[in-house]
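Colleague: Structure in structure tokens, see below.
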Amino acid sequence: MRVFKKKPKGPAISRAEALDRIPAKNVQITEDRLETGEVLIGYPVTIRPFFATLVKRFGGPEEQVQTKKLQLDTLGSSVWDLLDGKRSVRQLIQIFAETHQLQPREAEVAVTQFIRELGRRGLIGLG
């Protein structure tokens, strides 16, 4: 029986430290603006070796990198447009709250959850 070990997580950072981080867009992504003003992001995803072998065996392309697309809604697009590699998460929250007439806590939850998801997908990094 094989036991899978979880990856060790890095040291936890405080809320204040997390809000002071500066998100930056991944240089490997593409972004297109739709007629609606929303953003369509294309990003590379590496196929796992097992699936790559199956694809190759059944005559699929040998390229092991696929491009996925993610269409952001209006609010997501507005946050995406604010990501310039200079503003901290705290500043993004403040601008987002003012622009959309939200309470600071409401904006913080929305923006941090969105940034967490972008980071999980590898679309941004936090400096």
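The values are calculated or read from the model by the stated rules, or taken from the named source; none is laboratory data. These numbers were taken from a predicted model, which means no experiment stands behind them. FYI the Cβ positions are ideal-geometry reconstructions off the backbone, even for glycines, and counts take in every protein chain you see.
Colleague: Whether any residue in region 44-63 is at pLDDT 80 or above, part of a loop (DSSP other than H, G, I, E, B) and acidic (Asp, Glu) is what I want to check.
Modeller: No, region 44-63 contains no residue that is at pLDDT 80 or above, part of a loop (DSSP other than H, G, I, E, B) and acidic (Asp, Glu).
Colleague: Mind listing whichever residues of region 86-122 are at pLDDT 95 or above, assigned to a loop (DSSP other than H, G, I, E, B) and either of a type in the set (A, V, I, L, M, F, W, C) or within 22 Å of Gln28 (Cβ to Cβ) (or both)?
Modeller: If the condition is that a residue be at pLDDT 95 or above, assigned to a loop (DSSP other than H, G, I, E, B) and either of a type in the set (A, V, I, L, M, F, W, C) or within 22 Å of Gln28 (Cβ to Cβ) (or both), then Lys86, Arg87, Leu102 are the ones that fit.
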